[in-house]
Amino acid sequence: MAEAPATVVVIDDDQSVREALGNLLRSVDLQTNLHGSVAEFLKDGRPDGPTCLVLDVRLPGRGGLDFQRELTNAGIHLPIIFITGHGDIPMSVQAMKGGAIEFMTKPFRDQDLLDAIQLGLERDRARREEEKSVALLRARFDSLTQREREVMAFVVAGSVNKQIAFEMGISQITVKVHRGNMMRKMEARSLADLALMAEKLKVSREKS
């Protein structure tokens, strides 16, 4: 299934700025959603594909920095580029500490903005791919029996079959069966492969 196209969301209460940015972005074939406030953006909802947010610091209602904080608290990770005509150092420090890609003071060079947007879209693509990868691993892990999960946790902790058998109170042959089934279901080609999967899933003996 093809991925939805990348979208640049612009939130700026100055219509002339919105239109100028929209024209710029469309000139380089970037799909663009333009909004005059955070409320407008929330009403429309997030685009389905990779997204980068170009956000004015000062907006009617919710300000840009407030919205950045809300997104972070909600666990929503959107690459943000701040633009402002009234920026100062404390404001830019707050924005960058919050994970912003860039903090740009108007007027800025078109190419600088486009470069920042491309970086933001690349990061969002990478984040989405990582989330898909983890979701796939989670589905495999969920297919394991409770015993297989326990064996997996012991294996990635470095325990050998004899130790696992003793800890679980089962025979080594049974451990081998569970281990083989677990490796097959997880599609792990090696112990190192399994360890990487466990790290992504945050699997440990305590959390299995």
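Filter the DSSP H helices in the chain by two things, a Kyte-Doolittle mean of at least 1.0 and an axial alpha-carbon span of 20 angstrom or more, and list the hits by number.
Correct list, ordered by number: empty.
For MET104, the residues whose amide H sits under 5 Å from its own are PHE82, ILE83, THR84, ignoring neighbours fewer than 5 places away on the same chain, with H placed 1.01 Å from N. Distance from the alpha carbon centroid of region 44-118 to that of region 1-31 works out to 14 angstrom.
Within the shell of other residues whose beta carbon sits under 13 angstrom from the beta carbon of SER171, the net charge comes to +3, with Lys and Arg scored +1 and Asp and Glu -1. If the segment from LYS106 to GLN146 were pulled out straight at 0.36 nm per residue, it would be longer than the present Cα-Cα gap by 8.7 nm. Structure remark: mean-square fluctuation, Gaussian network model of the chain, C-alpha springs under 10 Å; the largest value among LEU194, LEU30, LEU113 belongs to LEU194.
Give the shape of region 1-54 as rounded, prolate or oblate, defined through the alpha-carbon gyration tensor: a ≥ b ≥ c are the square roots of its eigenvalues, a/c under 1.5 means rounded, and otherwise the shape is prolate if a/b is larger than b/c and oblate if not. Could the numbers behind the result be given before it?
Details: a/c = 3.19, a/b = 1.27, b/c = 2.50.
It is oblate, given that a/c is not under 1.5 and a/b is not larger than b/c.
Taking every DSSP helix (H) stretch of at least 4 residues in the chain, weighting each as -39,500 (n - 2.57) and dividing the sum by the residue count yields a mean residue ellipticity at 222 nm of -18000 deg cm²/dmol. For LYS176, a cut-off of 17 angstrom between C-alpha atoms picks up these lysines, skipping any fewer than 8 places away in its own chain: LYS162, LYS185. Excluding residues on the same chain fewer than 8 positions from LYS106, give the lysines whose Cα lies under 29 Å from its Cα. Those lysines meeting the cut-off are LYS43, LYS97.
Under the rule a/c < 1.5 gives rounded, and otherwise a/b versus b/c splits prolate from oblate, where does region 143-201 land using the Cα gyration tensor? Prolate is the answer for region 143-201, as a/c is 1.5 or above and a/b outweighs b/c.
Classify region 1-118 as rounded, prolate or oblate, taking a ≥ b ≥ c as the square roots of the eigenvalues of its Cα gyration tensor: rounded when a/c is under 1.5, otherwise prolate if a/b is larger than b/c and oblate if not. Verdict is rounded for region 1-118.
The order of the peptides 47-55, 179-187 by mean Cβ neighbours within 10 Å, most packed first, is 47-55, 179-187.
Read-outs throughout are calculated quantities, based only on the coordinates presented, and are distinct from any laboratory measurement. Given the structure is predicted, the values throughout are model-derived calculations rather than measurements. Note: ideal-geometry Cβ built from the backbone for every residue, glycine included; neighbour counts use all protein chains shown.
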